Amino acid sequence: MKIQLDMYQTLAVAVLVLLLGNYLKKKIYFLQKFCIPAPVIGGLIFAIMTCICYVTGIAGFSFDDTLREVCMVFFFTSVGFQANLKVLKSGGKSLIVFLGLVIALIILQNLTAVGLAKLLNLNPLIGMCTGSIPMVGGHGTAGAFGPVLEDLNIKGATTICTAAATFGLIFGSLIGGPLGKRLIEKHSLLNTAANDDDSLLVEDEKKHERHTNMYADAVFQLILAIGVGTIFTMLLTKTGLTFPIYIGAMLAAALMRNICEYTGIATIHMGEINDLGGISLSLFLGMAMITLRLWELASLALPLFILLAAQVLLIIIFTYVIEFNIMGRDYDAAILVSGTCGFGTGATPNAMANMQAVCDQYVPSIKAYLLIPLVGSLFADFLNSLVITFFINLL
């Protein structure tokens, strides 16, 4: 029996799994502790059900994912609006250095994934499914680039990316706290803790205040960026390279944000745009999860485990050895290590949870609480998409 859902029914099912995920997340401590997104929780349950139906021959499900792409573009356009060069400039040397480290991490994740895939006699693009796409990118980037890789004949790419992103969320949360704690105790860093000035983001935070009468303007700004972005995407594709459909919208949004910041000709309603981006991400993830074909993972189980284990080892070595030393070998650097493990293999909420767990035991780190959300939320996804696109075209 074949069950075919149109785009409205697909969206409705995505909302149902989102609601189920929210309910289970409230009830199960493990899901809260590791910051597993609600659409992933409910969607994985639904994907397991469809896998059982497929394997047993009970039913096969078919979905219309038209609205998934729309939600994806809206989400990544909201990410584009985060790229505020004025904040980057005002963040000082530490912010620039930390951003450079994150870019290096993104590149190393992809080099590790591609290199190890070749050693395992796998297509390098399968390796990319375990690189910075699911690690720094998380579930949002995994769901976006999975279909791009499937278009390049990588069967089950979306499923692999999503599985890798879930793996990263859990292990990023497991290793971040212990690494930060070990550095603090091994090097007796508590006496280096400083009370820094936390006024850097006051002006930017004001731009994130929500006003109910501004949501319409925020929607219009998103749509304008998407419309202009289609022109950018069209021009980019003329180079003969492969770009995800949203890359032009991200660039247009970044351009709009910075023109408005420097000229003052208009106000970008960042708080409202963040909310709309969050809603779009939840719906996008819900639709991405319910369309997973888990049975396609069977033949890649062992290679996938090796590739992901390598990513965990990379983030440990990178943060513990390289980042800690470059960022100053002090208490703030140790907390940054804990946070980077969170968003470097998962998401910014995991990074904040890691830092909170360590700081609750010792003292707060204003520097880390400024840098991690700035880079993790404002710049990492944007730069990651550009680096991933470069690697895909290179391969």
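Data table
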item: Residues of the chain: accessible area per residue with a 1.4 Å probe, Å²; result: 43 Å²
item: Cα gyration tensor category, rounded, prolate or oblate, for region 74-124 with a/c compared to 1.5; result: oblate
item: For I245, distant residues with modelled amide H under 5 Å away; result: none
item: Cα-derived Rg to Rh of region 1-147, Kirkwood definition; result: 1.04
item: Mean separation of Cα contacts under 8 Å, 6 or more apart, over the residue count of region 128-193: relative contact order %; result: 30 percent
item: Set K33/K186; K118/K238; K25/K118; K2/K26 screened for pairs whose C-alpha atoms are more than 32 Å apart; result: K25/K118; K2/K26
item: Derived scalar couplings ³J(HN,Hα) [region 322-337; Karplus, 6.51 cos²θ - 1.76 cosθ + 1.60; whole Hz; x for Gly, Pro]; result: 7, 4, 4, 6, 5, 7, x, 6, 10, 4, 4, 5, 5, 5, 4, 4
item: Cα-based reach from K93 at 16 Å (exclusive), listing lysines while leaving out same-chain residues under 8 positions away; result: K367
item: Hull-based mean projected area of the chain, where the convex hull spans the alpha carbons, in square nanometres; result: 19.8 nm²
item: Equivalent ellipsoid semi-axes, region 294-395, via Cα gyration tensor eigenvalues times 5, rooted, Å; result: 28, 17, 14
item: Within the accessible area of the chain (1.4 Å probe), percent carbon and sulfur; result: 66 percent
item: Table column - 3J(HN,Hα) (Hz), region 379-395, Karplus curve with 6.51, -1.76, 1.60, x for Gly and Pro; result: 10, 4, 5, 4, 5, 4, 4, 5, 5, 4, 4, 4, 5, 4, 5, 5, 7
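The values are calculated or read from the model by the stated rules, or taken from the named source; none is laboratory data. Note that the structure is a prediction, hence the values are computed from the model and not measured. To get the accessible areas, we keep the full protein, side chains included, count just its heavy atoms, and leave off ligands, DNA and RNA. Shrake-Rupley method; radii C 1.70, N 1.55, O 1.52, S 1.80 Å.
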